[in-house]
Amino acid sequence: MQEGINRLRQQSIANASLFIDGAWREAESGGRMDVISPIDGRIITTIADADRSDVDLAVAAARNAFKKGSWSKAAPAERRKVLLKLADLVESHALELAVLGVRDNGTEISMALKAEPASCAQTFRYYAEAIDKLYGEIAPTAPGILGLVHREPVGVVAAIVPWNFPMMIAAWKIAPALAAGNSVVLKPAEGASLTLLKLAELASRAGLPDGVLNVVTGRGAIAGEALGLSMDVDVLAFTGSGPVGRRLLEYSARSNLKRVYLELGGKSPNIVFADAPDLAKAAQVSMNGIFRNSGQVCVAGSRLLVEKSIHADFCAQLVALATDMRVGDPLDLRTQAGAVSSEAQLAKNLSHVESALAEGARLRGGGKRILQETGGFYMQPTVLEATPGMGIAREEVFGPVLTVIPFESEGEALQIANGTDYGLASAVWTGNLSRAHRMIRGLKAGVVHVNTYGGTDITVPLGGVKQSGNGHDKSLHAFEKYLDLKTAWIDLT
Ligand code: NAD
């Protein structure tokens, strides 16, 4: 496989256009943005820089397609056929898509292969298979009345996604939205658009009618804002940072009150008790749980809480593993952590470390940029010992930075774990079944892992509580975001 990857990394990448109404178009302004590869800091291609007029065009194409009905009114089994074909096409282009994505965002290829095309194809297949198995309801009303509950597609769905796992996260939104019969306008992140443009091409080849899936690339503050303020978008599904999530809620209030679903960040606690069944495994899995993809994972276990009696040994083990981690060329299959997505993100990560040290945190390992001869943006896996009140123990870094905090009792662990504004993921390592269940009940988080970290599947929902968001991606629950309920009240007398 490495040979194939090496061949693909040499290929030139054509300048990309917008995908609107089944055709490639330039932005009306003619604007373009450079795509800088985090692998070496070089420009690899350009993408179109959409503005409001392009977004309006894409939304109009989506609305027209919805009204036309060739997708929205197609039999669910027909939609299933097209989406299954798309899943097959994604799979047959998996290596090409994975390498293209890595050149764009720097994720190590071993992870990109699993998390990007493979998981994208699986997601399309899951929702394709589900859509002709959803039934309406008959309400238990009085006998003289027939109360029917229909499910209808909402209309036009906008999806705004981040750069860390573009195909996987976009599929979590657009697969259920499309399966349900909606039209979609997708806005990729500035730093990860290329694979999603390719996805639109494959969708068209699979038989998705023109206008049903549109992709507008460009800047969040311009193209993203235009989608947020559009009067003709019915639902906006977002994954990204809290500050942008807040803006989207404002845009909705200032425009048509579109429903906004937010999947935001986290500062997820990973809690290791002294009675964990296998501390060596806990250290290894915890290390992967924060440092894979250079920590750019929304559910990363970025706060490690360790029971005081094992704190010193456990930290030493973890720092040794982190120091040995193979960080570097993302297109080498042996690499365990690739590049940080951009120079700006790298600078942000380093400034978090600097502020933590200024606040009194203790650096146990890493903390520096890794300079490669080939250029690019790399950072050492970093371990900091901190106290719960410090900024580094509360704010999301979204980089390879782990904060370690000791605790003395179960109650204290829970108090620290729940002591941030976030509530996305969490984990508990213990051999005590009752304690595991108490912790599952006590932790304010969308997911609680027990004696593992980061395992997931399309069959289970992913979503946050508190300021980590609302709504859920994945599982059959995701349909709830993209289907309206309509009641028919029929007098039978
Ligand atoms: P970001 O919020 O900066 O950008 C996300 C998307 O929003 C991009 O497409 C961007 O162009 C767009 N955007 C930016 N400004 C906008 C605006 N004013 N109006 C409309 N759209 C705008 O986030 P990011 O840096 O791409 O991703 C990192 C963040 O995403 C982290 O906080 C991370 O935790 C979060 N994330 C969450 C999940 C989850 O499932 N909860 C998954 C992955 C990432």
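The values are calculated or read from the model by the stated rules, or taken from the named source; none is laboratory data. Nothing here was measured: the structure is a model prediction, and the numbers come from that model. Neighbour counts are summed over all protein chains in view; Cβ atoms, including those assigned to glycine, are modelled from backbone coordinates with ideal geometry. Each accessible area value is taken on the protein alone, full model and side chains, heavy atoms only, with ligands, DNA and RNA left out. Shrake-Rupley method; radii C 1.70, N 1.55, O 1.52, S 1.80 Å.
Here are the numbers:
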quantity	calculated
Filter result for Phe314 (within 16 Å of the ligand (Cβ to nearest atom) and either crowded, with 22+ Cβ neighbours inside 10 Å or not polar (S, T, N, Q) (or both))	no
Tally of residues being small (Gly, Ala, Ser) and within 16 Å of the ligand (Cβ to nearest atom) across region 133-161	2
Where a residue in region 165-192 is open to solvent by 10 Å² or more (accessible area, probe 1.4 Å) and its partner, wherever it lies, is near the ligand (Cβ under 8 Å from one of its atoms) and of a type in the set (D, E, K, R), with Cβ under 7 Å and at least six apart	Trp172/Asp473; Glu190/Arg219
Number of positions in region 108-146 that are of a type outside the set (A, V, I, L, M) and touching a Pro at 6+ places or on another chain (Cβ under 6 Å)	3
Criterion (out of contact with any Cys (no Cβ under 8 Å at 6 or more places or on another chain), closer than 16 Å to Ala115 by Cβ and within 16 Å of the ligand (Cβ to nearest atom)) met by exactly one of Pro176, Pro166	Pro166
Members of region 111-133 that are open to solvent by 70 Å² or more (accessible area, probe 1.4 Å) and at pLDDT 95 or above	Gln122, Glu129, Lys133
All positions within region 213-242 that are more than 7 Å from the ligand (Cβ to nearest atom) and without any contact (Cβ under 8 Å) to a residue 40 or more places away in the chain	Leu229, Met231
Hits in region 98-108 - residues which are in a helix (DSSP H, G or I) and within 17 Å of the chain's Cα centre (by Cα)	Ala98, Gly101, Val102, Asp104, Asn105
Close pairs (6 angstrom Cβ cut-off, 6 or more residues apart or separate chains): surrounded by fewer than 15 Cβ atoms within 10 Å (Cβ to Cβ) in region 64-88, not aromatic (Phe, Trp, Tyr) anywhere	Asn64/Gly211; Ser70/Pro209; Ala77/Asp132
In region 439-465, the residues that are within 14 Å of the ligand (Cβ to nearest atom) and out of contact with any Phe, Trp or Tyr (no Cβ under 6 Å at 6 or more places or on another chain)	Ala445, Gly446, Val447, Gly454, Thr456, Val460, Pro461, Leu462, Gly463, Gly464, Val465
Selection status of Leu83, closer than 27 Å to Tyr378 by Cβ, at pLDDT 95 or above, outside any strand (DSSP E or B) and assigned by TED's automatic domain parsing to the domain that holds Gly136	no
Scan of region 258-289 for residues that are open to solvent by less than 10 Å² (accessible area, probe 1.4 Å), more than 16 Å from the ligand (Cβ to nearest atom) and under 24 Å from the mean Cα position of the chain (by Cα), ordered by number	Ile271, Ser286, Met287
Out of Leu257, Leu196, sole residue that is on the phi > 0 side of the Ramachandran plot and of a type in the set (A, V, I, L, M)	Leu257
Test: residue in region 389-411 that is within 16 Å of the ligand (Cβ to nearest atom), at pLDDT 95 or above and at positive phi	yes
Pairs, first among the small types (Gly, Ala, Ser) in region 393-415, second open to solvent by 40 Å² or more (accessible area, probe 1.4 Å), C-beta under 9 Å, six or more apart	Ala393/Thr387; Gly399/Lys348; Gly399/Leu350
Tabulated pairs, region 25-48, first free of Cβ contacts under 8 Å to residues at least 60 places away in the same chain and under 13 Å from Gly191 (Cα atoms), second of a type outside the set (A, V, I, L, M) and open to solvent by less than 80 Å² (accessible area, probe 1.4 Å), C-beta under 9 angstrom, 6+ apart or interchain	Asp34/Thr45; Asp34/Thr46; Ile43/Ser37
When residues of region 291-306 are limited to those that are assigned to a helix (DSSP H, G or I) and open to solvent by less than 10 Å² (accessible area, probe 1.4 Å), the one farthest from the ligand (Cβ to nearest atom)	Phe291
Among residues of region 466-483, those that are more than 16 Å from the ligand (Cβ to nearest atom) and not in a strand (DSSP E or B), counted	4
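Residues are listed down the side, and each one gets a yes or a no for (1) touching an Asp or Glu at 6+ places or on another chain (Cβ under 9 Å); (2) over 18 Å from Ser286 (Cα atoms); (3) in a strand (DSSP E or B):
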| site | (1), (2), (3) |
| --- | --- |
| Gly411 | no, yes, no |
| Tyr422 | yes, yes, no |
| Ala436 | no, no, no |
| Lys444 | no, yes, no |
| Val448 | no, no, yes |
| Leu485 | yes, yes, yes |
